[in-house]
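Some notes on the structure that comes next.
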Amino acid sequence: MSNVIVLGAQWGDEGKGKVVDLLAERFDIVARYQGGHNAGHTVFIGEKKFVLKLIPSGILRPGVEAVIGNGVVIDLAALLDEIAALESHGIDATKQLRISNRAHVIFPFHRLIEKMSEARENRIPIGTTSRGIGPSYEDKTGRRGIRIADLYDPESFRDLYDTLAEDKKTLAATFNLHDTIDYAEIRAQHELYAEKIRPMVCDTAALLADAMARGKRILFEGAQGTMLDIDHGTYPFVTSSSASAGGASIGTGVPPTRIEGIIGVSKAYNTRVGSGPFPTESDDAAGDLLRREGNEFGAVTGRPRRCGWFDVPLLKYTAMVNGFDTLFIMKLDVLDCLEEIPVCVRYRLHSADVTEMPATYRALEAIEPVYENLPGWHTSTRGIARFDGLPTEARAYLKFLEERTGVEVGGVSTGPERNETIVRAGSKLERLIG
Ligand code: IMP
């Protein structure tokens, strides 16, 4: 019955890809609403493993339409690589993929601008994925960006492009950057790319409206996570788009009133890639263990992820700004070997209790997390597919998270495979996806 959003409740990499993959068969359309090829989840087609960055993983389900919404920024070379990889596995993207004509383009010079910006003296380095995401969104907000639709109007594309290129040349000269960029070649390349994707480009808001009118169901796939949201995240250590639930409407043109359910995805612990505050980070042997057991290395950049403990105040905050109906707790099995599991239950700052998520990264960096230790279960939960099949302590752990965050734990993942999953009987999750 409903259109549902699946999004990250922490700093990304929570395992949304698996959840979307599991749920996709119950929906007609999977739509991405923000971000670009900075996101990534590993998928398997047969034995072969590859990373989908831009294309919603719904494309792997025959008959499911995959939509890249207007809120996404698109590197066309990266998109064409993904399309080619899918085609080499017999998946015809032209049939299943639709690309918004209002999405903005990332050009190769956006990466250069990003490099320049990250390296600048007196600037806080964010530790971005270096994909040109931020600079492309800057051009969008600066109202000089180029959208997919512009590529099909050759004269205005040339005008817009040449003006943008002039802008970037001036910036590069100002900052003494001497990378050789062949702007004319990039323009010509994009004229070719545009022809290649032409059959997939359309007004995706109209497509989604039409689909809803015909009773079709949409699954919105968030990229990154709420704490990386440009407004609600740990600014400035965030990505440049609206990763939280509100972004789904803005980034697809589907009215908020047509979205009926919001599933928050969280690890049973916590990770973050790149710089920025992380109150429950465990920068020691326990963190190393989580990284090893959870194979916590970035899907896009391969960077080791910073690891730490489940953070109740953070989850309550992301539940507040998103309105989670239910939580999907991922990677429970990674905790199998622990004697005790610390969970942050509240924040203290300058010896006082903190009741609201601090707005500045300086305050967040100064947070002292207060932990409660929960008993571990010392036995494998790998592959358990029923809630009452979990060890008592694992159930107690999940119930603790549920009580303290105030959001039901509707789903639990106990391994990477589709069948290594629990959907709790009678939960809101079960009703939403039913
Ligand atoms: P950007 O999105 O490349 O601008 O990077 C901004 C911040 O978001 C950096 O800390 C990145 O590590 C982080 N980030 C971007 N995409 C992802 C993701 O898919 N998972 C986790 N972190 C991400």
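Rule-based calculations on the coordinates, nothing more; no lab input. Keep in mind the model is a prediction, meaning the values are calculated, not measured. Cβ sites come from the backbone with ideal geometry, for glycine too, and all protein chains shown count toward neighbours.
Data overview
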quantity	calculated
Prolate/oblate/rounded call for segment 1-132, Cα gyration tensor, a/c under 1.5 rounded	prolate
Potential extension, Ala359-Ala173 segment - 0.36 nm per residue separation minus Cα distance	63.4 nm
Of all DSSP beta bridges in the chain, antiparallel share, percent nearest 5	40
Electrostatic dipole magnitude of segment 104-196 [Cβ: Lys, Arg +1; Asp, Glu -1; Cα centre; debye, to 20]	380
Total formal charge among the other residues, if their Cβ is under 10 angstrom from that of Gly415, Lys/Arg +1 and Asp/Glu -1	+1
Residues Ile124 and Ala77, FRET efficiency given R0 of 25 Å [Cβ-Cβ distance, rounded to 0.05]	0.30
Positive-end residue, the chain charge dipole about Cα centroid, Cβ charges, pick of Ile384, Ser282, Val345	Ile384
Selected from Asp336, Asp284, Asp203 as most flexible by GNM, with the chain as the system and alpha-carbon contacts under 10 Å	Asp284
Extension reserve of the Ser88-Ser156 stretch, reckoned as 0.36 nm per residue once the Cα distance is removed	21.0 nm
For segment 104-196: rounded, prolate or oblate by the Cα gyration tensor [a/c cutoff 1.5]	prolate
For the chain: relative contact order, % (alpha-carbon pairs under 8 angstrom, 6 or more apart)	19
Candidates Ser266, Ser156, Ser240, ranked by Gaussian network fluctuation over the chain, Cα under 10 Å, top entry	Ser156
Spacing of the two label points (7 Å from each Cα toward its C-beta) at Gln189 and Thr257, in nm	4.5
Over 27 Å [Cα-Cα, segment 266-433], rounded percent	24
Sites matching chymotrypsin sites (Phe, Trp or Tyr not before Pro) across segment 296-401 that sit in DSSP coil, with at most 15 neighbouring C-beta atoms within 10 Å	none
Cβ-placed point charges (K, R +1; D, E -1), dipole of the chain about Cα centre in debye, nearest 20	600
All-pairs Cα distance distribution in the chain, expressed in whole percent, bin size 10 Å	4, 22, 31, 25, 13, 4, 0
Fraction of antiparallel bridges per DSSP, segment 266-433 only, in percent to nearest 5	75
Local electrostatic count, Gly376, Cβ distance below 10 Å [Lys/Arg +1, Asp/Glu -1]	-4
Overall form of segment 123-175 per C-alpha gyration tensor (a/c, 1.5; a/b vs b/c)	oblate
Relative contact order for segment 104-196, counting Cα pairs under 8 Å that sit 6 or more residues apart, in percent	30
Only Lys, Arg (+1) and Asp, Glu (-1) charged, at Cβ; segment 198-270 dipole about Cα centre in debye	260
Loop sites in segment 113-146: trypsin sites (Lys or Arg not before Pro), DSSP, at most 13 other Cβ within 10 Å	Arg120, Arg123, Arg143, Arg144
C-alpha long axis of helix 108-119 to longest principal axis of the chain, angle in °	50
